[in-house]
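Before any comments, here is the structure.
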């Protein structure tokens, strides 16, 4: 039998709240924003879309948990202090503090409105799960199931996720970076003393990892282009004992198969 939010959290005046159902905004997934920076997540509550959507005392903030259908992660209750010329001034309250980043709720909401009256949703929200610890990224899905948007990789690296790090730091391999805007691909490899995790950490910090063609795309220090367009996948993984020559040969193979060289790709050689 489903457990309703109201069964575990009695909110006396739901009409004092707006609910913020934060979803993809053409640039970022709010779930990854929440994971990588609570300050940036607060700015999502401060954003003013030129209409007074947050016209009540409180914001009940949810981020779409986009890995699962109809699931939302609780991101805190914010008090609206004022509306300035170009943004709201808000403050995180201690209401539901123990649930922040841990409470996953189910709502089949499909409407276009992302800032709605809370009382219209309160009775419909179901508790999906309460995590042991605040969410810091997906669990490692196995080597054959890695498909990472750049900003998810960025969040995993920033939080130094131990399961991802343990799985990848001592592995050599060949990986694929896809630019979803242009359709072009870059095939790279990790060998020598540098495992896949270390190599991908370089990308998460710089956006380009030192690659010439990627540098030409990543000209914005905010890495917005990467967050919007780059996806990472692991093509092959091999143990640290594998000779470097084998990894390089496999990298060459994938470059040929995926046509990642020349005008159609992002590899120069």
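The values are calculated or read from the model by the stated rules, or taken from the named source; none is laboratory data. Not measured: the values here are computed from a predicted model. All Cβ positions, glycine included, derive from the backbone under ideal geometry; neighbour counts span all protein chains shown.
Structure above, values below:
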item	result
Residues satisfying the stated conditions in segment 44-83, i.e. in a helix (DSSP H, G or I) and without any contact (Cβ under 8 Å) to a residue 40 or more places away in the chain	44
Among the candidates 245, 169, residue that is closer than 20 Å to residue 155 by Cβ and surrounded by fewer than 18 Cβ atoms within 10 Å (Cβ to Cβ)	169
Selection from segment 24-43 of residues that are in contact with a strand residue (DSSP E or B) (Cβ under 8 Å, 6 or more places away or on another chain), surrounded by 16 or more Cβ atoms within 10 Å (Cβ to Cβ) and either assigned by TED's automatic domain parsing to the domain that holds residue 153 or part of a loop (DSSP other than H, G, I, E, B) (or both)	29
Count of residues meeting criterion [in a helix (DSSP H, G or I) and free of Cβ contacts under 8 Å to residues at least 12 places away in the same chain] in segment 243-268	9
Every residue from segment 122-150 that is assigned to a helix (DSSP H, G or I) and within 23 Å of residue 172 (Cβ to Cβ)	143, 144, 145, 150
Residue, farthest from the chain's Cα centre (by Cα), within segment 44-69, restricted to residues that are closer than 18 Å to residue 107 by Cα and surrounded by fewer than 15 Cβ atoms within 10 Å (Cβ to Cβ)	69
Restricting segment 90-123 to residues that are surrounded by 14 or more Cβ atoms within 10 Å (Cβ to Cβ) and either over 24 Å from residue 3 (Cβ atoms) or outside the structural domain of residue 22 (by TED's automatic domain parsing) (or both), the residue that is farthest from the chain's Cα centre (by Cα)	90
Selection from segment 169-193 of residues that are farther than 19 Å from residue 217 by Cα and either assigned to a loop (DSSP other than H, G, I, E, B) or out of contact with any strand residue (DSSP E or B) (no Cβ under 8 Å at 6 or more places or on another chain) (or both)	169, 170, 191, 192, 193
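Residues are listed down the side, and each one gets a yes or a no for (1) at pLDDT 95 or above; (2) farther than 20 Å from residue 146 by Cα:
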residue	(1), (2)
188	yes, no
198	yes, no
219	no, yes
244	yes, yes
249	yes, yes
264	no, yes
